[in-house]
Ligand code: HEM
Ligand code: FES
């Protein structure tokens, strides 16, 4: 089980638990505002963009080359941007805080 | 060559030059071809604007046949965001259960009907009908409206035969005027009423702005959906094993949809107007000239996609730009994806095989490039 906390643009804090799938799917199941997952997780739409709390960057790791390419021209990109559909829900993520970018 | 093979005419130019040139009514277009360049230019709305003279970013240009600005399509940030905020939630309705249920019913009826016929001309008898009926759900208007929309045929919004089409477009504008008037008299839960009630930055939308939104909703989702549906049927006709695979592994359905949309890229490209002298991969672009973002070419870029010219039905990482990229990404994508999802599920449930009997390909000419985008007509038999 991993506990994952989302902070939305409206500053709502929601903590959810999961043990399978990817973080985008978990967010969509829990109706986290700002994570739409339009492309279903193939790295095409960037509607699953999150900013990882800098001190948690080691939990998530950096994006793959393809993922960071797609983020490069996103309006909201930061040094700690990830596409949450490219993050697997695993024990390593336990306790991570993700700010929803949109 | 198989009917469902769509080759990539841009490969050589993309690799060697990075851009492709074409003329269009004396307002030439430099097509940006590489995946990264397309994304970079789409992102850079200050230098490559959408908010030019209405109709100019469309290729072929529509400046001679319309004055109405299409919204939010022909507006740049920051105003773009204000308009988009008004309609964003409306375009997410396809995710609602009731919407999907209606779509299942509509597509089920169409397939049942196709199964009874010896031959179906898919463009006019299937895809146009499906697209028009499904659009009544997006507009939230009575199903019977689709009869009018179907009667307009597939060519209403095109500008190939300029004079003629200007007249045809008037049919659409007159229709919209009438519908807006009806909704003013009798507000309801339809898209027109929603727009009439909407406020942008504290101000009501003008009639002109509302028309700009509605026209775009009609035209943006017409040829694109018709081609996506028709080409997908052609693909499954010739690749029954893929349908079988999706049946056995329903978890790949989503990958399949994104891959078909990438491969067919129903919208080839969309223009922008340069606001200053600039360059794209070392080619000079002069202020007040046009570039286009060639989604179809970007989607075959071998530096991004392995086996770019093949349909890999379970492609898991698929950063395609068939629905655009960034600011103006397709508002109708949720609706379009839902249509394809229901279509594929219905095929799995009801259809054993599809045969292509006869096909007339629709080839776009873009300067020296010829791109197959779909079919003018295609006869199929559903079994
Ligand atoms: C498979 C079907 C479709 C494809 C491939 C497609 C493709 C695209 C692309 C590439 C863009 C970006 C244009 C640009 O950057 O200038 C776009 C924008 C848009 N599309 Fe679609 N489209 C499809 C279906 C639809 C449908 C069904 C609708 C509505 C009923 C629609 C409405 C729009 C609108 C309103 C925009 C403009 C969004 C904005 O400017 O913010 N599209 N579409
Ligand atoms: S869900 Fe589309 S990129 Fe993550």
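Among the residues of this structure, residue A:90 does not count as one that is touching a strand residue (DSSP E or B) at 6+ places or on another chain (Cβ under 8 Å), closer than 28 Å to residue B:252 by Cβ and buried (at least 19 other Cβ atoms within 10 Å of the Cβ). Report yes if residue A:12 is exposed (fewer than 14 other Cβ atoms within 10 Å of the Cβ), more than 14 Å from ligand 2 (Cβ to nearest atom) and at pLDDT 95 or above, otherwise no. Yes, satisfied.
The residues listed here are B:326, B:332; of these, the one that is out of contact with any strand residue (DSSP E or B) (no Cβ under 7 Å at 6 or more places or on another chain), within 14 Å of another protein chain (Cβ to nearest Cβ) and at positive phi is B:326. Of the set (1) touching a helix residue (DSSP H, G or I) at 6+ places or on another chain (Cβ under 9 Å); (2) crowded, with 22+ Cβ neighbours inside 10 Å; (3) assigned to a helix (DSSP H, G or I); (4) away from chain A (no Cβ under 14 Å), all apply to residue B:242 but (2).
Of all residues in the stretch B:124-134, exactly one satisfies the criterion of being surrounded by fewer than 22 Cβ atoms within 10 Å (Cβ to Cβ) and in contact (Cβ under 8 Å) with a residue 24 or more places away in the chain, namely B:124.
Looking only at residues in the stretch B:4-44 that are within 14 Å of chain A (Cβ to nearest Cβ) and touching a helix residue (DSSP H, G or I) at 6+ places or on another chain (Cβ under 6 Å), the one that is nearest to residue B:304 (Cα to Cα) is B:35. In the set (1) surrounded by fewer than 20 Cβ atoms within 10 Å (Cβ to Cβ); (2) within 14 Å of chain A (Cβ to nearest Cβ); (3) in contact (Cβ under 8 Å) with a residue 12 or more places away in the chain; (4) within 15 Å of ligand 1 (Cβ to nearest atom), residue B:299 fails one condition alone, (1). Being within 12 Å of ligand 2 (Cβ to nearest atom) and part of a strand (DSSP E or B), is that true of even one residue in the stretch A:35-43? Scanning the stretch A:35-43 turns up no residue that is within 12 Å of ligand 2 (Cβ to nearest atom) and part of a strand (DSSP E or B). Determine whether the stretch A:33-47 contains at least one residue that is more than 16 Å from ligand 1 (Cβ to nearest atom), within 28 Å of residue B:323 (Cβ to Cβ) and free of Cβ contacts under 8 Å to residues at least 40 places away in the same chain. Taking every residue of the stretch A:33-47 in turn, none turns out to be more than 16 Å from ligand 1 (Cβ to nearest atom), within 28 Å of residue B:323 (Cβ to Cβ) and free of Cβ contacts under 8 Å to residues at least 40 places away in the same chain. Taking the condition of being in contact with a strand residue (DSSP E or B) (Cβ under 6 Å, 6 or more places away or on another chain) and surrounded by fewer than 18 Cβ atoms within 10 Å (Cβ to Cβ), how many residues in the stretch A:17-47 meet it? Looking only at that region, the number is 2.
Residue count for the stretch A:25-34 satisfying the condition of being away from chain B (no Cβ under 12 Å) and either within 12 Å of ligand 2 (Cβ to nearest atom) or touching a helix residue (DSSP H, G or I) at 6+ places or on another chain (Cβ under 9 Å) (or both): 3.
Taking residue A:52 as the residue in question, decide whether it is more than 11 Å from chain B (Cβ to nearest Cβ), buried (at least 17 other Cβ atoms within 10 Å of the Cβ) and away from ligand 1 (no atom under 16 Å from the Cβ).
Numbers: more than 11 Å from chain B (Cβ to nearest Cβ): yes; buried (at least 17 other Cβ atoms within 10 Å of the Cβ): yes; away from ligand 1 (no atom under 16 Å from the Cβ): yes.
So residue A:52 passes the test.
Would you confirm whether any residue within the stretch A:64-73 is touching a helix residue (DSSP H, G or I) at 6+ places or on another chain (Cβ under 6 Å), crowded, with 20+ Cβ neighbours inside 10 Å, closer than 24 Å to residue A:16 by Cβ and modelled with pLDDT of 95 or more?
Start the filter on the stretch A:64-73 by keeping residues that are touching a helix residue (DSSP H, G or I) at 6+ places or on another chain (Cβ under 6 Å), which leaves A:67, A:73.
Subset that is crowded, with 20+ Cβ neighbours inside 10 Å: A:67.
Right, trim to closer than 24 Å to residue A:16 by Cβ and you get A:67.
Within this subset, residues satisfying the condition of being modelled with pLDDT of 95 or more are A:67.
Looking through the stretch A:64-73, at least one residue is touching a helix residue (DSSP H, G or I) at 6+ places or on another chain (Cβ under 6 Å), crowded, with 20+ Cβ neighbours inside 10 Å, closer than 24 Å to residue A:16 by Cβ and modelled with pLDDT of 95 or more.
The values are calculated or read from the model by the stated rules, or taken from the named source; none is laboratory data. Note that the structure is a prediction, hence the values are computed from the model and not measured. All Cβ positions, glycine included, derive from the backbone under ideal geometry; neighbour counts span all protein chains shown.
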